[in-house]
Amino acid sequence: MNDHETTVLSSRLHTLADDITPPLDVVGQVRAARSRHQRQRRGRLALVAVATATAAVAVATVAAADLLTATPPRAEVAVPRHTSATAHPTPTTEVAPPPTTPSGPSAPPTTEAGPTSGTAGWELRSFQGVSFAVPSGARAADTVDLRPVTSWYEGPSLTWNGPALGGGEYSHVKVSITETFEGGLTPADGGEWFTVPGAESAYGGIDYWTGTEGLGPTVESYTFWLQVLAGDRQIHVSGTFPAGEAGEQMARDLLASIVIT
């Protein structure tokens, strides 16, 4: 076989192969392969998304189960404690506030005087419409001065002369009658209001006093005074009693015994 025959035979074989082999669409195959690759990729992404969602649901379920089954910590609650013994409240005593003291005789009466130990064994006195009691045991007879009323500080008086206190001092009680001071009581400070039967108003006080006469011993006592308004006259009561609680109580009892008629 020469070269020409060989060439002809080769050409026929190639033609036959072309006839047998279907035509190849390279562009179509590339498109098909790309489309197949995209479908596979979308499928993988979908699987990943489903798996992720499933895992999240599983985690949430486990967490919820843990919260539901977990035991909360024990809370400390304050509760009242009960004892077997019965508690008895302590009784309380209400204390009344101390009375206020008026600044002067122009204020209305607020304090009612009254004896706390009584005047049993005392002697009664009466002088120009004023009745009162004095302790027994006077060292001398009463002194009576019947001078007329001439002013708001001078007029008739009666004096009870009591026992000596020492140092030249004597216990005494003096009651005198004078004019009113401009229609009322003589101005005074440091006292309190009293209630005297038959009087319009009364103002006075009880004071502790200590002093000496010359170079003599110290003398202690309680002095008292009271100004009483009764119509157009003013009644002055003053005096001195021994120091100590007994003397102070004597002064209060004497002031409480006064009655105006």
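Taken together, the values in this text are just the output of simple stated rules run on the coordinates, not laboratory data. All figures in this text were calculated on a predicted structure; none of them were measured in a lab. Virtual Cβ from ideal backbone geometry, glycine too; neighbours counted across all protein chains shown.
The table that follows gives values for the structure above.
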quantity	calculated
Listed peptides 249-256, 183-190 by packing density, highest first (mean Cβ within 10 Å)	249-256, 183-190
Anisotropy class of the range 110-207 from Cα gyration tensor, a/c 1.5 cut	oblate
Sum of side-chain charges, residue 254 neighbourhood, beta-carbon under 13 Å (Lys, Arg +1; Asp, Glu -1)	0
Additional length obtainable on full extension of the chain from residue 182 to residue 223, 0.36 nm per residue less Cα span	12.1 nm
Label-point separation in nm, residue 151 to residue 243, each point 7 Å along Cα→Cβ	3.4 nm
